[in-house]
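Here is the structure we will look at.
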Amino acid sequence: MSQPGFFDVDERLKRLSDIGDQLEAYALVVDFEIFRPDLVEALNYSDGSKGGRPPFDPVLMFKVLVIQAQNNLSDDRTEFLVNDRLSFMRFLGLGLSDRVPDAKTIWAFRERLTQAGAIDGLFARFDMALRAAGYIAMGGQLVDATLVAAPKQRNSDGEKQAIKSGKTAQQIWPDKPDKARQKDVTSRWTVQFGKAKAKPDGPKPLDIAIPTFGYKAH
């Protein structure tokens, strides 16, 4: 295969626009810069005088959370798809050679906003901006291809309630960092439907429902 050139990427993006890119529509109707003051206040990053790698732009990272929420993605899956999808890169303002936030960075950003009590307000404001422009934010926009199983968690009733309420592993097990690192709090139970195998001389097969714990692969 030949290496893609600049005009190849440009043509593919134009094609995505022609067939309808929802994220592009969001970028056109929502001024994401309105979120910057609240993001800067909530994140409270240092001024960089002590050195170290500078953090990703907070507006870019908030857009990553928008992508994640729209498509019900785990942090790892978000990292992969941002690297993989031209539409995601365009929405974030990233080029093919630009650095992409990894799963740990996405988790840390969301956690910081959660600890500051800012994340619900930011998404409520985003939803209001969409509605004002005549859009309704919908979750799960990607088409499901299959279900990916995850290790079943052995949690107490209290821990299950904490997970359902949206708490992170670090919040649920603050005194057990090793345990928190091993816990998966983003997987969910769902049901996969199918049909039982029909016998030549038997009755019509019934629909069957198979409980599955894990992620939806898109």
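FYI, it's all coordinate maths here, none of it is from the lab. Please read all numbers here as calculations on a predicted model, not as lab measurements. Because the Cβ atoms are built from the backbone with ideal geometry, glycine has one as well, and the counts that use them run over all protein chains shown.
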Which order do the peptides 86-97, 66-77 come out in when sorted by mean C-beta neighbours inside 10 angstrom, highest first? 66-77, 86-97
Pairwise FRET efficiency - Gln171 versus Arg125, Cβ, R0 = 22 Å, nearest 0.05: 0.40
Calculate the spin-label point distance for Lys160 paired with Ile34, positioning each point 7 Å from the Cα along the beta-carbon direction, and give it in nanometres. 4.1 nm
